[in-house]
Each structure stands twice: as structure tokens, then as C-alpha cells.
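Each remark here refers to the structure printed beneath this line.
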Amino acid sequence: MVIISYRTIREYTDQRKDVEDQLNNWYTITEKSDWANFNEMRQIFNSVDAVGNDLYVFNIKGNDYRLIVRIIFRVRTIYIKFIGTHKEYDKVNLDDL
């Protein structure tokens, strides 16, 4: 999968070192994957949720953090839209992403 962009993870983990390993692990696994659909992705990340409009929410670090991405499976591309704590996620309007 092509992930756009790692810079978002790097900038976030510059401020939040406690989640750096988990986000880098997600990135490494995801980059090496070649998912054709949501079901294939769920085989690797069983806690991921589809929330509509090609957006998917990953629980990171035991659900302390949330990662929202837009995935276009037909071109194997992932756009990182949001990284934040569970509390910050509760304030996100998915329609704005």
C-alpha cells in the first residue's frame, strides 16, 4: 500500500513519544500490505472500523489513540487524515475529513 504521508506520523510522534512505536509498527505492516478490500485488512487489524466515505479508524496503543485514514483500495493508496487521543477523536467531525 502507498501511504500518504509518513510525515504526519513523524510530526505527531515528535510530540507524543509514547505512541511512536505503535504508529511506526502500523506504518510498517500497512506499507508492506496489498489489501484489495476491507475484509483483507481486517485479517491483519481486527479492530479497524469502517466509518463511511472510504474512512477507516484504527485503535492504536490499546485504544488510547485513534488513527483515521482514507483508503482507496483500487489504487492501493492510504491517506492519513487524523491521529489523536481517544478524547480528541470524539471531537472529530468525519464529514470534514
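Taken about its Cα centre, segment 1-95 carries a charge dipole of about 140 debye when Lys and Arg each add +1 at the Cβ and Asp and Glu each add -1 at the Cβ. Ligands, DNA and RNA excluded, the heavy atoms of ARG10 present near 110 Å² of accessible surface to a 1.4 Å solvent probe. The stretch between ARG16 and ILE44, if pulled fully straight at 0.36 nm per residue, gains 7.6 nm over its current Cα-Cα span.
Largest accessible area first, the listed residues ASP90, ASP49 line up as ASP90, ASP49 when surface is computed with a 1.4 Å probe on the assembled protein chains.
Computed over protein heavy atoms with a 1.4 Å probe, the accessible surface of the chain works out to 59 Å² per residue.
Computed over the chain, relative contact order equals 27 percent, with contacts defined as Cα pairs under 8 Å that lie 6+ residues apart. Here is the size of segment 1-43 from its Cα atoms: Rg then Dmax, 11.7, 33 Å. Extents of the chain, taken as max minus min of Cα coordinates on every principal axis and listed largest first, are 33, 27, 22 Å. The convex hull built on the alpha-carbon positions of segment 11-68 has an orientation-averaged projected area of 4.3 nm². Could you please state how large a percent of the accessible area of the chain is carbon and sulfur, counting protein chains only and using a 1.4 Å probe? Of the solvent-accessible surface of the chain, carbon and sulfur hold 42 percent.
The values are calculated or read from the model by the stated rules, or taken from the named source; none is laboratory data. In this text, all values refer to a predicted model and were calculated from it rather than measured experimentally. As a convention, Cβ positions derive from the backbone with ideal geometry for all residues, glycine included, and neighbour counts pool all protein chains shown. Heavy atoms of the whole protein, side chains included, go into the accessibility calculation; ligands, DNA and RNA do not. Shrake-Rupley method; radii C 1.70, N 1.55, O 1.52, S 1.80 Å.
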